[in-house]
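One structure below.
No value in this document is a laboratory result; all are computed from the given coordinates. Predicted model, so just to flag it, every value in this text is computed and none were measured. Neighbour counts are summed over all protein chains in view; Cβ atoms, including those assigned to glycine, are modelled from backbone coordinates with ideal geometry.
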């Protein structure tokens, strides 16, 4: 089962799991908003990026199997920052 964390998103779109883009004719690099940055959310885990659609002149050009890259976000120990405070309700 695959599930996106609630804070995971593309910073430029705020849409959690999809980033649409167009590669201009003659270009060899895709112009991605914020260089394709992914806001990974608030927990450790894996982020898997998969190319799910690729068209050239209106025809399907997606390779099979589709290109996929998985990034692992390692868990980190909590950090106490000087002058940090927590707002408590009474």
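So between residue 62 and residue 76, what do we pick up on full extension, going 0.36 nm a residue minus the alpha carbon distance?
Fully extending the segment from residue 62 to residue 76 adds 1.4 nm.
May I ask you to sort 63, 32 by Cβ crowding, counting other Cβ atoms within 10 Å and putting the fewest first? Write out the running numbers ahead of the final one.
Details: 63 8, 32 13.
If I rank by nearby Cβ atoms, fewest first, I get 63, 32.
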